[in-house]
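Engineer: What follows is a structure written as structure tokens; I'll ask about it next.
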Amino acid sequence: QVQLLESGGGLVQAGGSLRLSCVASASGFTINTMGWYRQAPGKQRELVARIRSGGTTNYLDSVKGRFTISRDNAKNTVYLQMSSLKPEDTAVYYCNAEVSRTWTETNYNYWGQGTQVTVSS
């Protein structure tokens, strides 16, 4: 089974920082890509950042230079360090993991329940 547990959301003033964490429980699976998505009220869910097993990263243009995604494979954990936060960063942030069963090529996507990030002016 695969489960994702998120933490680190909260309320912060503009210019502040938060670090989101997501721990994956994925016994019997290989974790390929992990990422963070967000959804603001009235808007579509969008990819914020992702990191592949080989270390390649991608970022939403509006967060480049402010957010950093990283992962600790030994702990099956992905982090999102968010700095210089802006009110427009306010959203529910969701952890995502693309996994495959060990020794297979079939991929599956799993989602966390989301954690609220609110940035005040």
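The values are calculated or read from the model by the stated rules, or taken from the named source; none is laboratory data. Model, not experiment: these values are computed from the prediction. Cβ atoms come from the backbone with ideal geometry, glycine included; neighbour counts cover every protein chain shown. What goes into the accessible areas is simple: the full protein's heavy atoms, side chains included, and nothing from ligands, DNA or RNA. Shrake-Rupley method; radii C 1.70, N 1.55, O 1.52, S 1.80 Å.
Engineer: Counting only residues that are among the polar types (S, T, N, Q) and in contact (Cβ under 8 Å) with a residue 40 or more places away in the chain, which one in segment 1-25 is surrounded by the most Cβ atoms within 10 Å (Cβ to Cβ)?
Structural biologist: Among residues in segment 1-25 that are among the polar types (S, T, N, Q) and in contact (Cβ under 8 Å) with a residue 40 or more places away in the chain, the one surrounded by the most Cβ atoms within 10 Å (Cβ to Cβ) is 21.
Engineer: Taking segment 13-52 on its own, how many of its residues are among the hydrophobic types (A, V, I, L, M, F, W, C) and more than 15 Å from residue 80 (Cα to Cα)?
Structural biologist: Residues flagged as among the hydrophobic types (A, V, I, L, M, F, W, C) and more than 15 Å from residue 80 (Cα to Cα) within segment 13-52 amount to 5.
Engineer: Sticking with this one: With respect to residue 102, is the statement that it is without any contact (Cβ under 8 Å) to a residue 60 or more places away in the chain, open to solvent by 50 Å² or more (accessible area, probe 1.4 Å) and farther than 17 Å from residue 20 by Cβ true?
Structural biologist: no
Engineer: Would you say residue 50 is more than 16 Å from residue 4 (Cα to Cα), in contact with a Phe, Trp or Tyr (Cβ under 8 Å, 6 or more places away or on another chain) and among the basic types (Lys, Arg)? Outline the logic, then answer.
Structural biologist: On the way: more than 16 Å from residue 4 (Cα to Cα): no; in contact with a Phe, Trp or Tyr (Cβ under 8 Å, 6 or more places away or on another chain): yes; among the basic types (Lys, Arg): yes.
Answer is no for this residue.
Quick grid of which residues meet (1) touching a residue at least 40 places away in the same chain (Cβ under 8 Å); (2) outside any helix (DSSP H, G or I); (3) exposed (fewer than 14 other Cβ atoms within 10 Å of the Cβ):
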position	(1), (2), (3)
27	no, yes, yes
37	yes, yes, no
54	no, yes, yes
62	no, no, yes
68	no, yes, no
78	yes, yes, no
85	yes, yes, no
98	yes, yes, no
116	yes, yes, yes
